[in-house]
Amino acid sequence: MQVSKWGNSLAIRLPAAVVEALELHEGDDVDVVVAGAREFQIKKKPTSRELLERLRQYRGRLPADFTFSRDDANRND
């Protein structure tokens, strides 16, 4: 990959193999994080639809011994 100037920023083009592996499409959000002294990682951010679907998996699933205390929840320690 080659670093190029893009306005006031620097940009890289992702190789087709990376795009395919992460199933990226135009407009997708990605995180680029430093993974080491001279390494980085690219992670595809989940879409809002994917996050909502993951959240729905937990709907109504609380431990049998769970109790909710409004006093504990609203206490200012």
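Brief remarks on what is shown
- Centroid-to-centroid separation of the range 1-28 and the range 47-70 [C-alpha atoms, Å]: 35 Å
- Viscosity 1.002 mPa s, 20 °C: Kirkwood-radius Stokes-Einstein D of the chain over Cα pairs, µm²/s: 125 µm²/s
- Only the Cβ atoms of Lys and Arg (+1) and of Asp and Glu (-1) were treated as charged; on that basis the dipole of the chain about its Cα centre amounts to roughly 100 debye.
- Taking trypsin sites (Lys or Arg not before Pro) across the chain, the ones in a DSSP loop with at most 12 further Cβ atoms lying within 10 angstrom of their Cβ are 13, 38, 59, 61, 75.
- Order of 51, 14 - criterion: other Cβ atoms within 10 Å of each residue's Cβ, fewest first: 51, 14
- With θ taken as phi - 60° and the Karplus curve 6.51 cos²θ - 1.76 cosθ + 1.60 applied, the whole-hertz 3J(HN,Hα) list for the range 15-28 is x, 4, 4, 5, 4, 5, 4, 8, 6, 7, 9, 4, x, 5 Hz, x standing for glycine and proline.
- Among 53, 20, 39, residue whose mean-square fluctuation peaks in a GNM of the chain (springs only between Cα atoms under 10 Å): 39
- Phi angles of the range 45-62 translate, via the Karplus equation with coefficients 6.51, -1.76, 1.60 and θ = phi - 60°, into HN-Hα couplings of 6, x, 6, 4, 5, 5, 5, 5, 5, 5, 5, 5, 5, 9, 4, x, 10, 10 Hz per residue; Gly and Pro are given as x.
- The label point for residue 31 and the one for residue 66, both projected 7 Å from the Cα toward the Cβ, are 2.4 nm apart.
- Distance between the 7 Å Cα→Cβ label points at residue 16 and residue 48: 3.4 nm.
- For the range 63-73, 3J(HN,Hα) per residue [Karplus equation, 6.51 cos²θ - 1.76 cosθ + 1.60, θ = phi - 60°, Hz, x = Gly/Pro]: x, 4, 8, 6, 10, 10, 10, 4, 4, 5, 5
FYI, it's all coordinate maths here, none of it is from the lab. Since this is a predicted model, take the numbers as computed values, not measurements. We place every Cβ from the backbone using ideal geometry, glycine too, and count neighbours over all the protein chains shown.
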